[in-house]
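The values are calculated or read from the model by the stated rules, or taken from the named source; none is laboratory data. This one's a predicted model, so the numbers in the text were calculated from it and none came from an experiment. Don't worry about glycine lacking a Cβ; one is built from the backbone with ideal geometry, like all the others, and counts go over all protein chains shown. All accessible areas refer to the heavy atoms of the entire protein, side chains included, with ligands and DNA or RNA removed. Shrake-Rupley method; radii C 1.70, N 1.55, O 1.52, S 1.80 Å.
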Amino acid sequence: VRVVHKRWEDVVVEKDLSGKYDIVIVSLSLGMEDIRGAVAKMVAVARGSINLYWFVDPPFWETQYLALWPRLHKKPYFPAPRADCLFMVLLQMGIHPDVSMRILDKSYNFSSEEEMIDHFRPRFGVRGLRQEEILREYLRGLAEGSEPGIRISGDSVYARVWWDVNGPGRNGAFTGR
């Protein structure tokens, strides 16, 4: 098992990876500027399956960003591409992957409101008392329970998009068989 803690755009295949891999797994990390280039690197190092896990709908935390970012920063939040964009890029590359969907239930548990605020403050880039009050008001609306058992939860749908690079056709592309 080889874990590479880098964006695919930053991976230098010859330096960061060695040989071919039976399975390439990219899990919930496809906020890529160049999906096509990243997938090409994955294909170059795979000798078996490539498994990409990415969101179909806005993940729980992105729903929060979409709702709160404009109030905090006076500009819109632009979400990352979804699995449909990934799928279309793969089709354009001649790759016809299998797709399955799953639910990701996400929850955050806190013992106090201050712990909750401390957790989310850096995620939202909160600076100053005005922004902190906006964040506090927003999170109170999401919070379930009270001290010492505050919970914020939500779910989203993610997809497993996968193919075998040795499947029918080049790079797992469907050939009409």
Review point. So is P148 within 23 Å of the chain's Cα centre (by Cα) and surrounded by fewer than 11 Cβ atoms within 10 Å (Cβ to Cβ) or not?
Key: no
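Filter the stretch 86-102 for residues that are open to solvent by less than 60 Å² (accessible area, probe 1.4 Å) and assigned to a helix (DSSP H, G or I); which is farthest from V126 (Cα to Cα)?
As a first pass, look at the stretch 86-102 and keep what is open to solvent by less than 60 Å² (accessible area, probe 1.4 Å): 86, 89-91, 93-95, 97, 100.
Filter once more, keeping what is assigned to a helix (DSSP H, G or I): 86, 89-91.
Numbers: L86: 31, V89: 35, L90: 37, L91: 40 Å.
That would be L91.
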Check your understanding: Where in the stretch 1-77 are there helices (runs of 4 or more DSSP H), lying fully within it, with 3 or more residues that are under 26 Å from M101 (Cβ atoms) and open to solvent by less than 10 Å² (accessible area, probe 1.4 Å)?
Key -> 35-45
Review point. Has the stretch 124-143 got at least one residue that is in a loop (DSSP other than H, G, I, E, B), free of Cβ contacts under 8 Å to residues at least 12 places away in the same chain, open to solvent by 60 Å² or more (accessible area, probe 1.4 Å) and more than 25 Å from I35 (Cα to Cα)?
Key: yes
Exercise for review: Check off (1) surrounded by 12 or more Cβ atoms within 10 Å (Cβ to Cβ); (2) part of a loop (DSSP other than H, G, I, E, B) for W163 and give me the number that stays unchecked.
Suggested key: (2)
Practice item. Among the numbered conditions (1) surrounded by 15 or more Cβ atoms within 10 Å (Cβ to Cβ); (2) among the acidic types (D, E); (3) not in a helix (DSSP H, G or I), tell me where D105 comes up short. Key: (1)
Review point. Consider P58 against the criteria (1) more than 17 Å from L91 (Cα to Cα); (2) out of contact with any Pro (no Cβ under 9 Å at 6 or more places or on another chain): it satisfies all of them except one. Which criterion is unmet?
Key: (2)
